[in-house]
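Chemist: Pasting in a structure now, in structure tokens, and then I'll have a few things to ask.
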Amino acid sequence: MGIIEDFIGRYRREYDFYDQAARLVAQQLEARLQTAGVRAMITFRAKAVARLEPKVRDRAGRKTYATVDDIYSDIPDLAGARVALYFPGQRDQVDLAINDLFVVMHSKAFPDETQPAAYSKRFSGYSAIHYRVRLRETALVDSQKRYAEARVEVQVASVLMHAWAEVEHDLVYKPYQGRLSEDEYAVLDELNGMVMAGEIALERLQRAGDVRVAARGRSLANHYELAAHLLSALRELADASTLKTGLGRVDLLYELLARLGLATPEAVGQYLTGIHSDLERRPIADQIVDQILSEDADRYALYEQLRAARPATDVSPDAAEPIAPDVHEAMGEFLKAWIDLEQLLRDTAQVPVSHSGQIVSTIRLLNSFKNLDSQTRSQYESLRRMRNQLVHGIEIPDPADLREAARQLRAVAARIGGGPSPA
């Protein structure tokens, strides 16, 4: 038995491993894009043995395989997932999600000018980005951690381009009925031109939707509309680096806005000027939620209810552990101290919640105290990071750390209330 036969036999036994790895990647990516308001269809697969064997034999004619592991190293797409975007303009958001969710080993943009075309083309051909990724062990339960060893190829393109690429790939690169004629190649090229025109139409459709969503006097119907509005508005209002933080849990933000009667372009607009690209690289949705919560302490309880009803979906449900009563108690003590500090900042600075039509954030209020010592500012920043992790479900600190943080918050409040004058 030769190396190729050994490889195929081993892959047959490991097929379920690659299929499950691809499934986990697709599930995490689909959940992240759905909550961020990115419209896409996500599919996955492990490479079929019937298609893999002829591919390996063809590559063996051009390469020298000394071991079975050489073949595994040479085939990057034994496990694969596809992201078919409704709107090609949302590729940047997918890129942010992929880099945040997975360990990205390599990425490649197509068309690839370094590779000779299989036939003469007038149009550029396949347009997409391919990523080779691994699952993060921290996003997997113990029984799943072995899947972090698998390489998974993630292909990102428009729904139209994926459909055309599937047809071309099977006809040109895997010809089951012989080599195509010149007319057939010409038709494929013509279809590629139509697909490219279709992508332009999709981009125009997206822009038209942005204009419709932003119209005054209407409500945002769902979190997809909210996501579209945020991207469109922030491109005009904010520094380009702001969008590199990603949108985050737009679904939770929409639920909060809807419950408070704020799900309109006008209401959302008053929070956008407070968005910034901070050192924590916090998602856009988290930054807006923070502004909303800081206006009214009662909103913390509402947001916690909404977050509990829509738990994080990037991590396997099996990984979730119930929160112990003492943790809940420590969380409550910390959040009460934080809310008290927020209110003290507003009362002492004598700055209204909304100033000149813009929401004033607590960090801006703190900065209004010109004589506040650097140690207090540094301590506040550290406590604010803990608060962000807790409120947005990123990490729940140890109860002892929460209680110590609550004590520090009360100490900061004492220093603010004891003398520093607002500018």
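Where a number appears in this text, it was derived from the coordinates with a stated rule and is not lab data. Treat the numbers as computed from the prediction; the structure is a model and nothing was measured. With ideal geometry, Cβ positions are generated from the backbone for all residues, glycine too; neighbour counts draw on all protein chains shown.
Chemist: For residue 115 and residue 64, FRET efficiency with R0 = 25 Å and r from the beta-carbon atoms, rounded to 0.05?
Modeler: 0.75
Chemist: If you place +1 on the Cβ of every Lys and Arg and -1 on the Cβ of every Asp and Glu, how big does the dipole about the Cα centre of region 119-276 come out, in debye to the nearest 20?
Modeler: Dipole of region 119-276, to the nearest 20 debye: 560 debye.
Chemist: Now a separate question. If you consider only alpha-carbon coordinates, what radius of gyration and Dmax does region 3-202 have, in Å?
Modeler: Spelled out, the Cα radius of gyration and Dmax of region 3-202 are 17.8, 55 Å.
Chemist: Is the shape of region 126-284 rounded, prolate or oblate, going by the alpha carbon gyration tensor and its root eigenvalues a ≥ b ≥ c, with a/c under 1.5 for rounded and a/b larger than b/c for prolate?
Modeler: Oblate, because a/c is 1.5 or more while a/b does not exceed b/c.
Chemist: Please work out the FRET efficiency for the pair residue 74 and residue 298, using the Cβ-Cβ distance as r and a Förster radius of 35 Å; give the result to the nearest 0.05.
Modeler: Efficiency, from the Cβ-Cβ distance: 0.05.
Chemist: With a point put 7 Å past each Cα toward its Cβ, work out how far residue 216 is from residue 378 in nm, to one decimal.
Modeler: The answer from the label model is 4.8 nm.
Chemist: How much length would be gained if the chain were fully extended between residue 401 and residue 204, taking 0.36 nm per residue of separation minus their Cα-Cα distance, in nm to one decimal?
Modeler: In short, 65.8 nm is gained.
Chemist: What FRET efficiency would be calculated for the residue pair residue 194, residue 264, taking the C-beta separation as r and a Förster radius of 41 Å, to the nearest 0.05?
Modeler: 0.60
Chemist: If you don't mind, another one. Pairs to check: 63/145; 244/336; 47/244; 145/336; 55/108; 63/108. Give those whose C-alpha atoms are more than 28 Å from each other in this structure.
Modeler: 63/145; 244/336; 47/244; 145/336
Chemist: A further question on this structure: Over the chain, what is the percentage of antiparallel beta bridges among all DSSP beta bridges, to the nearest 5?
Modeler: Expressed as a percentage, antiparallel bridges in the chain total about 75.
Chemist: Tell me, what does the Kirkwood hydrodynamic radius of region 214-304 come to in angstroms if you use every pair of distinct C-alpha atoms?
Modeler: Answer for region 214-304: a Kirkwood hydrodynamic radius of 13.2 Å.
Chemist: Just to be sure I understand the model, the point goes 7 Å from the Cα along the line to the Cβ. What's the resulting residue 39 to residue 57 distance in nm?
Modeler: About 4.5 nm, to one decimal.
Chemist: Treating only the Cβ of Lys, Arg, Asp and Glu as charged (+1, +1, -1, -1), what charge dipole size does the chain show about its Cα centre? Round to the nearest 20 debye.
Modeler: Roughly 400 debye for the chain.
Chemist: Can you sort 394, 71 so the residue with the fewest Cβ neighbours within 10 Å comes first?
Modeler: 394, 71
Chemist: Related question: Give, to the nearest whole percent, the P(r) tail of region 124-179 beyond 16 angstrom, counting all Cα pairs.
Modeler: It works out to 60 percent of all Cα pairs.
Chemist: For the chain, the longest stretch holding no GluC sites (Glu not before Pro) located in a DSSP loop with at most 10 other Cβ atoms within 10 Å is which?
Modeler: 114-394
Chemist: Label 7 Å along Cα→Cβ of residue 92; region 202-226 residues with amide nitrogen under 17 Å?
Modeler: Zone members listed by number: 203-204, 206-208, 210-211.
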